[in-house]
Amino acid sequence: MKIRGLKQFMKQVEKAADGELKREFGLWLEGMGMDFLALIQDEIIRTETVDTRRLLNSFSRGDSEGVWSINASGLTLEVGTNLTYASYANDGHFQKKRFVPGYWRGDRFVYEPGASTGMMLREKWIEGSNYWDNALAIFERIFQRSLERRMQQWLDTNF
């Protein structure tokens, strides 16, 4: 009995077993990581999360506060930020009662360290913007479809 295409199929399986599939998916995963970082940045902007650009910039590859780690096999990617206030901005937090030095210019407060005048902030709950949660929910939908497309593309190309 002769099975047409079996020899070619076995060559493609051997090629995949030699690490080609792992390399291709490692590159795809790296691209997905970049997409996720962009989604997080978009959500920080869209939700108008209070930011001095440190938070936004920390969600980029290569930033000193950012997390970008791919394991040796290339199939596990960790992204995020090391900024401690990132979780407060996402989840919310209590603002403690405190004095802020400065002065009022019309209806605008001007912060001035060491000033004898200022304002007293009362304790209250500051709502989080859920930028991370929103980005993750969007990404999970995108990731699943992208993975299915990428796998089908690989199968169509190699078999």
(message) Per 0.36 nm of contour for each residue apart, how much would the distance between residue 8 and residue 30 grow if the chain were fully extended, relative to their Cα-Cα spacing?
(response) 4.9 nm
(message) Please compute the modelled spin-label separation between residue 23 and residue 104, points set 7 Å along Cα→Cβ, answer in nm with one decimal.
(response) 6.7 nm
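I'd like the FRET efficiency for residue 119 and residue 61, computed as 1/(1 + (r/R0)^6) with the beta carbon distance as r and R0 of 35 Å, rounded to 0.05.
Computed FRET efficiency for residue 119 and residue 61: 0.30.
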(message) I need the trypsin sites (Lys or Arg not before Pro) found in region 33-66, filtered to DSSP loop residues with at most 14 other beta carbons within 10 Å of theirs.
(response) 53, 61
(message) Net charge around residue 91, counting only other residues with Cβ within less than 13 Å of its Cβ (Lys, Arg = +1; Asp, Glu = -1)?
(response) -2
(request) Using the Karplus curve 6.51 cos²θ - 1.76 cosθ + 1.60 with θ = phi - 60°, work out ³J(HN,Hα) for each residue of region 106-114 in order, rounded to whole Hz, and write x for Gly and Pro. (result) x, 9, 10, 8, 10, 6, 9, x, x
(request) Quote the convex hull volume per residue of the chain, based on C-alpha atoms, as a whole number of Å³. (result) 140 Å³
(message) Can you tell me which of 62, 26, 80 moves the most in a GNM of the chain? Springs connect C-alpha atoms under 10 Å apart.
(response) 62
(request) Rank 49, 38, 80 by how far each Cα sits towards the positive end of the charge dipole of region 18-158 (+1 on Lys, Arg Cβ; -1 on Asp, Glu Cβ) and give me just the farthest. (result) 49
(message) Taking amide H atoms as placed 1.01 Å from N in the peptide plane, list the residues 5 or more away in sequence, or in a different chain, whose amide H sits under 5 Å from that of residue 80.
(response) 67
(request) Can you tell me how much longer the chain between residue 140 and residue 76 gets when fully stretched, taken as 0.36 nm per residue apart minus their C-alpha distance, in nm with one decimal? (result) 21.5 nm
(request) Kindly provide the GluC sites (Glu not before Pro) of region 21-78 that DSSP labels as loop, not H, G, I, E or B, and whose Cβ sees at most 11 other Cβ atoms within 10 Å. (result) 48
(request) Across the chain, how many lysine pairs, 8 or more positions apart or on different chains, have C-alpha atoms separated by under 28 Å? Please give the number. (result) 7
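Just from its helices, what would the mean residue ellipticity at 222 nm be for the chain, if runs of 4 or more DSSP H residues each count -39500 (n - 2.57) and the sum is divided by every residue, rounded to the nearest 500 deg cm²/dmol?
Helices in the chain give a 222 nm mean residue ellipticity of -15500 deg cm²/dmol.
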(message) Could you work out how much longer the chain between residue 133 and residue 47 gets when fully extended? Use 0.36 nm per residue separation minus the Cα distance between them, nm to one decimal.
(response) 29.8 nm
(request) Assign unit charges at the C-beta atoms only (+1 for Lys and Arg, -1 for Asp and Glu), then state the dipole size of the chain relative to its Cα centre in Debye, rounded to the nearest 20. (result) 280 debye
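Readers should treat all values here as calculations from the given coordinates under stated rules, not as data from a laboratory. A quick note: this is a predicted structure, and the numbers were derived from the prediction, not measured. As a convention, Cβ positions derive from the backbone with ideal geometry for all residues, glycine included, and neighbour counts pool all protein chains shown.
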